[in-house]
Amino acid sequence: MRGNMSNGGRRTRQPDGPGRGRGSNKQHDYFVAVAHARYILRKLFRIVEDKAKELGIDPLAHQALLQVYGSAGQALRVSQLGERLDITTAFTSNLVKGLVRRGFLVRESLASDARVTILRITDAGRDLCNRVDADVRPHVDYFASQLSPNERRIALSTVMFYIGTDTTIE
């Protein structure tokens, strides 16, 4: 911002010219980093989604299996799965029905409260997750090898900005 003395001797604030605003370069750098991080994430997700489709499972169904497999005790409540996938209860229910029908998940009642349904991943569900992971690993490794150390740093720092910088794992 520049001062302008043409208003009766009082200094007023005027916008700076293009590219000279406070933070304009930093803001552009920020969006460069966001765009790059989103490119990397999208590319990685696309590799995994394409492999899931190739193996005959919808990418969201695969993500559901990953959420159950990766949870404590390899089990989640139906509501927790819906929350983790950010989908409606009705959609979660239909997704779960299909995964149970295909033998990738089983439903169990919680011992302490029979009204609560727990989803557990089956051996077939684990095998599918492991197969997708094994099949995509060379593609992910190749993609990652094409990134410079600076590109990796930018992507990681952008993700850390969004989720916080505390990297301790409990």
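Values in this text are rule-based calculations from the coordinates and carry no lab data. Not measured: the values here are computed from a predicted model. Using ideal geometry, Cβ is built from the backbone for each residue, glycine included, and neighbour counts are taken over all protein chains shown.
Each Lys and Arg contributes +1 and each Asp and Glu -1, all at the Cβ; summed about the Cα centre of segment 23-155, the dipole is approximately 140 debye. Distance between the modelled labels on A124 and S79, one decimal in nanometres: 2.9 nm (7 Å Cα→Cβ projection).
A straight chain from T117 to D86 at 0.36 nm per residue would run longer than the Cα-Cα distance by 9.3 nm.
Taking the charge dipole of segment 91-170 about its Cα centre, with +1 at Lys and Arg Cβ atoms and -1 at Asp and Glu Cβ atoms, the residue from I163, L147, T122 reaching farthest to the positive side is T122.
Here's how it looks for L105: its modeled amide H is under 5 Å from those of V100, T122, which are all 5 or more places away or on a different chain. Taking each residue as 0.36 nm, the span from F31 to S145 lengthens on full extension beyond its C-alpha to C-alpha distance by 38.7 nm. Taking K53 as the anchor, which lysines have their alpha carbon closer than 16 Å to its alpha carbon, excluding any fewer than eight residues away along the same chain? Qualifying lysines at Cα under 16 Å: K43. Between V116 and L110, the built amide H atoms are under 5 Å apart, and every one of these is 5 or more places off in sequence or on another chain.
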